[in-house]
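Data block below; observations after.
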Amino acid sequence: MNRPFWKESVVYQIYPRSFYDSNNDGIGDIKGIIEKLDYLKELGINVLWISPLLESPLDDNGYDVSDYRKILDDYGTMEDYENLLSQAHDRGIKILMDLVVNHSSNEHNWFLESKKSKDNPYRDYYIWRDAKEGAEPNNWGSFFGGSTWQYDPETKMYYLHLFTKKQPDLNWENEKLRYEIYDMMKFWCEKGVDGFRMDVINLISKVQSYDDGIVHNNLYGDGAPYYMNGPRVHEYLQEMNREVLSKYDIMTVGETPGVTTKDAKQYANNNQTELNMIFQFEHVGVGDENLGKWTTKRFDFMEFKSIIIKWQEELYGKAWNSLYLGNHDQPRSVSRFGDDSAQYRELSAKMLVTFNQMLQGTPYIYQGEELGMTNAYFENLEDYNDVESLRYFKEYTESGLISEKEMMECLKLRSRDNARTPFHWDDSTNGGFSAHKTWIKMNPNFTEINAKEQLLRQDSVFNYYKNIIALRKYHTVIYDGKFVPYMIESDKVFAFTRETENENLFVMCNFTKENVEIEIPQYYLENGVCIISNYNITDYTHRYILKPYEAFVISKN
Ligand code: TEU
Ligand code: CA
């Protein structure tokens, strides 16, 4: 059967600032990625998504681009990037670029021009509005705290920024701007990139009335109904597809907060008029409360489970899922969904990857996840770097919505910095990441958790990941088998089967540290073969007691 490469791939996300520092300035770089390509090859992944490498003042670590055609000095040169492309391609690894075009940096030339005067040719590249009764044009709150509007004294108007004030939103209503973006995308495709991960691509179309939003947490109004999956977003993506995407053999994944399965079936429709797949946010938003993600509550397993089942069932045959439990915006997956205690860290990390990779769709691994890297749990506010953490800490504690002590606990569990500390290569200084003081503090547990140790140890998390990735080559049911949930009522296990005419899989995952009694269907016991188990168990019985965080997969032909 002829399948597009993006359906057969396992994607690995690199956060370049924290992957590997080749020149010892404390910052990861492109040459560092090249040096570690053999490590990635060994793991068995075949696509890399690399977070932004472009010129940026780094207000949001590169998600604020000031030149879309230039590599940031910290990371290297265009020559280094071209070298990375060819070295990766030599190893059969493709590279996705992170495309950040809902907004640019306020230091981008377009914005510097735009703010000069109301009749500047670039004025309309951004979204400018007059004050309303002497204040902001509406009450929307930004993703990172504060208003979405910033006053600019030069022309006495406000500009829209859904993220920080250094990330002004681009005005996609302007056709000239859209075609500049398409040209820039072609520039990278011609250079040889294999696709794009598109940052918040479902926010690019705004309802033009700019009405106030409903106030949920007493500070700002919710603008989401006016900018999430906005009125012209599908038109824009279809245009981008016609102008750029359809002309190349590339892969696309849209980052789309706030999408439903219905939206997904449009963005990632089988006719492929828009994107190949999207990242949905429902399962990582489980348990969010009135202060959004800033809560110390453990995720609700039953809610998590019903969300995953819904996405698996509703997209089957209609659109393609992307499968992830962590990335650079989320806490470490083993800390959030598993158990990062010394006793259960490895078992639960292996259980989680069994779960994630046996679902239907394209799996994503976030750097360090394959070692079972954990949250950093920084104790001091000074150790945090992320603009989101710092701004919300200030806004929520100053307005009295939460105490400083409680907010520190929230940061420890949910700050994006938990996943942004440097990769642990070995147990030497700074985990072998760099000989220099690192740009963000190390997670001190690199002495126990590191790649060098895990590569050598047969039963490591790394080797388990390697095995599970390799399974995809022999069991095509993992790509296209129908997903059927099993033991739906259980609040402890996530179990399901994957079914095709030639082969069926029985997947069992214990999400708790308790023993759980289960029944394995006779069908899978007669001539079924266990293809992976995090306890190395090969023999199963109809009535079976699952051990803490136990996971296994039985294949039946
Ligand atoms: O993230 C978009 C997004 O939805 C996040 O802001 C999310 O709400 C937050 O991280 C949850 O804590 C993308 C990028 O992945 C993120 O790193 C950027 O900061 C953001 O867009 C702006 O470009
Ligand atoms: Ca460096």
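For Gly326, what charge total do you get from the other residues with a beta carbon under 13 Å from its beta carbon, if Lys and Arg give +1 and Asp and Glu give -1? Mind showing how you got there, number by number?
Working: positive: Arg332, Arg336, Arg414, Arg416, Arg420; negative: Asp329, Asp340, Glu369, Glu370.
Residues close to Gly326 contribute a combined charge of +1.
Solvent-accessible area of His89, probe 1.4 Å, all protein chains present, reported in Å² to the nearest ten, please.
70
Working from the alpha-carbon coordinates of region 136-284, get Rg over Rh, Rh being the Kirkwood radius.
In region 136-284, Rg relative to Rh is 0.99.
Mind checking the dipole of region 228-386: about its Cα centre, +1 per Lys or Arg Cβ, -1 per Asp or Glu Cβ, Debye to the nearest 20? Display every interim value, and only then the final one.
Numbers: 15 positive and 24 negative charges, 112 e Å.
That gives region 228-386 a dipole magnitude of about 540 debye.
P(r) for region 69-172: what percent of alpha-carbon pairs falls in each 10 Å bin, starting at zero?
P(r) over region 69-172, rounded to whole percents: 14, 36, 23, 17, 9, 2, 0.
For region 38-59 and region 529-545, write down the distance between their C-alpha centroids in whole Å.
About 36 Å separates the Cα centre of region 38-59 from the one of region 529-545.
Could you list the trypsin sites (Lys or Arg not before Pro) in region 288-377 that lie in coil according to DSSP, counting only those with at most 14 other Cβ atoms within 10 Å of their Cβ?
Answer in residue order: Lys297, Arg298, Lys318.
In region 251-364, how does Rg compare with the Kirkwood Rh, expressed as the Rg/Rh ratio over alpha carbon atoms?
With Rh from the inverse mean 1/r over Cα pairs, Rg/Rh is 0.98.
Using a 1.4 Å probe over the heavy atoms of the protein chains, calculate the carbon and sulfur portion of the accessible area of region 110-181 as a whole percent.
C and S fraction of accessible area: 49 percent.
Based on the alpha carbons, how large is the Rg to Rh ratio for region 460-557 when Rh follows Kirkwood? Don't jump to the answer; show the numbers that get you there.
On the way: Rg = 13.0 Å, Rh = 13.8 Å.
Rg/Rh: 0.94.
Would you compute, from DSSP H runs of 4+ residues alone, the mean residue ellipticity of the chain at 222 nm, taking -39500 (n - 2.57) per run and dividing by the full residue count, rounded to the nearest 500?
-8000 deg cm²/dmol
Would you mind calculating the relative contact order of the chain from Cα pairs under 8 angstrom and at least 6 residues apart, reporting the percent as a whole number? List each step's numbers first, then the result.
On the way: 1142 pairs, mean separation 68.9, N = 557.
Across the chain, relative contact order equals 12 percent.
Looking at the square roots a ≥ b ≥ c of the eigenvalues of the Cα gyration tensor of region 399-506, which shape do they give, rounded for a/c under 1.5, prolate if a/b is larger than b/c, or oblate?
oblate
Just the number please: accessible area per residue for region 413-518, 1.4 Å probe, all protein chains included, in Å². Show your work: numbers first, answer last.
Numbers: 4450 Å² over 106 residues.
Counting only protein heavy atoms, the per-residue value for region 413-518 is 42 Å².
Please compute the modelled spin-label separation between Glu313 and Asp119, points set 7 Å along Cα→Cβ, answer in nm with one decimal.
6.2
Per-residue counts of other Cβ atoms within 10 Å, averaged by peptide: what ranking do you get for 522-528, 265-271, highest first?
265-271, 522-528
Send over the Kirkwood Rh of region 498-538, from the inverse of the averaged 1/r over different Cα pairs, rounded to one decimal Å.
The Cα-based Kirkwood calculation yields 12.1 Å.
Positive end of the dipole of the chain, charges at C-beta (+1 Lys, Arg; -1 Asp, Glu), about the Cα centre: which of Ala342, Thr447, Leu72 has its Cα farthest in that direction?
Of the candidates, Ala342 comes out farthest on the positive side.
So how far, in whole Å, is the C-alpha centre of region 283-337 from the one of region 413-482?
With region 283-337 and region 413-482 each reduced to a Cα centre, they are spaced 21 Å.
Which three lengths, in whole Å and largest first, does the chain cover when its Cα atoms are put on their principal axes?
76, 53, 48
Expressed as cubic angstrom per residue, what is the convex hull volume of the alpha carbon set of region 220-305?
So the per-residue Cα hull volume is 125 Å³.
Please express the Cα-Cα pair-distance distribution P(r) of region 11-65 as a list of whole percents, one per 10 Å bin, running from 0 to the bin with the greatest distance.
24, 51, 22, 2
With charges set only on the Cβ (+1 for Lys and Arg, -1 for Asp and Glu), what does the dipole of the chain come to about its Cα centre, in debye to the nearest 20?
860
The values are calculated or read from the model by the stated rules, or taken from the named source; none is laboratory data. Please read these numbers as outputs of a predicted model, since none were measured by experiment. Glycine also receives a Cβ, built like all others from the backbone with ideal geometry; neighbour counts cover every protein chain displayed. Ligands, DNA and RNA are excluded from the accessible area calculation, which covers all protein heavy atoms including side chains. Shrake-Rupley method; radii C 1.70, N 1.55, O 1.52, S 1.80 Å.
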